[in-house]
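Every number here is computed from the coordinates shown, using simple stated rules; none is lab data. Worth saying up front: this structure is predicted, and the values here are computed from it rather than measured. Counting neighbours? That spans all protein chains shown, and the Cβs are built from the backbone with ideal geometry, glycine included.
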Amino acid sequence: MGRYLIPVIIFFGLVILFLFGLQQDPHRVPSPLIDKPLPVFDLPRLSEPHENITPADFNGRVVMLNVWASWCVSCRYEHPVLMDLAGSGLVEIYGLNYKDSRDAALGWLQQHGNPYLESAFDELGRVGIDLGVYGVPETYLIDQTGVIRYKHIGPITNEDIQTIFIPLLEKLRSPQGTVTS
């Protein structure tokens, strides 16, 4: 009897852990970078390889940094939402083109439109590693001082813009100017 009890206890323990995991929001993966400065990087611009982008380019403004790739299926789903957001003028959007080829990325933007003020070209994915990228797309809101205030995993939807991003942008632009997630 005792030899059957241990597997039953383990089974029910796994069932409880599984049920707990199903109730978690997959977009709310904790990030150790929230409320920390954007990692230092110096990457070539996607469109102008002889010019670089650094975090200093974002200083003084609230910006969105979207990690994307031409090979990313979810990025295709998210792209029209980013195009609408860019057209609205609510926030400046920068891209981090992740583990891609320059020609494929430029072709993809030409075909689908370009919501980014500029994209940094992270061909080897090193900056993505520094950011703790789990997979693309991922999006970060960065405040006026260069501090990451929010990380969104997965494609952004119109509902996310209304319920998450607009309220966060309003808080970041308020006189207090900070928000913690």
Exercise. Put +1 on the Cβ of every Lys and Arg and -1 on every Asp and Glu Cβ in the range 51-121; which of 113, 74, 91 then has its Cα farthest towards the positive end of the dipole?
Worked result: 74
Seminar exercise, completed: Everything considered on the Cα gyration tensor (a ≥ b ≥ c; rounded for a/c under 1.5, else prolate if a/b is larger than b/c, else oblate), the range 29-73 must be described as oblate
Exercise. Sorting 88, 119, 101 on the 10 Å Cβ count, fewest up front, what's the list?
Worked result: 88, 101, 119
Exercise. For the range 84-124, what is the Kirkwood hydrodynamic radius in Å, using each pair of distinct C-alpha atoms?
Worked result: 10.8 Å
Exercise. For the range 55-138, rounded, prolate or oblate, judged on the Cα gyration tensor with a ≥ b ≥ c (square roots of eigenvalues), a/c < 1.5 rounded, else prolate if a/b > b/c?
Worked result: oblate
Exercise. Tell me, 122, 100, 130 in order of fewest to most beta-carbon neighbours within 10 Å?
Worked result: 130, 100, 122
Exercise. Any idea what the dipole of the range 27-172 comes to, in debye rounded to 20, about its Cα centre with Lys/Arg Cβ at +1 and Asp/Glu Cβ at -1?
Worked result: 300 debye
Seminar exercise, completed: When 63, 136 are ranked with the fewest other C-beta atoms within 10 Å first, the list becomes 63, 136
Seminar exercise, completed: Quarter of the surface of the C-alpha convex hull for the range 27-172, i.e. direction-averaged projected area in nm², equals 7.7 nm²
Seminar exercise, completed: As straight-line cross-link partners of residue 99, the qualifying lysines (C-alpha separation under 27 Å, not fewer than 8 residues apart within one chain) are 36, 151
Problem set entry | Neighbourhood charge, 12 Å Cβ-Cβ cut-off, centred on residue 115 and excluding it, Lys, Arg +1 and Asp, Glu -1 | -4
Exercise. Can you tell me the Rg and the Dmax, both Å, for the Cα atoms in the range 103-181?
Worked result: 14.4, 43
Exercise. With a sphere of radius 12 Å drawn around the Cβ of residue 37, what net charge do the other residues whose Cβ falls strictly inside it have (Lys, Arg +1; Asp, Glu -1)?
Worked result: -1
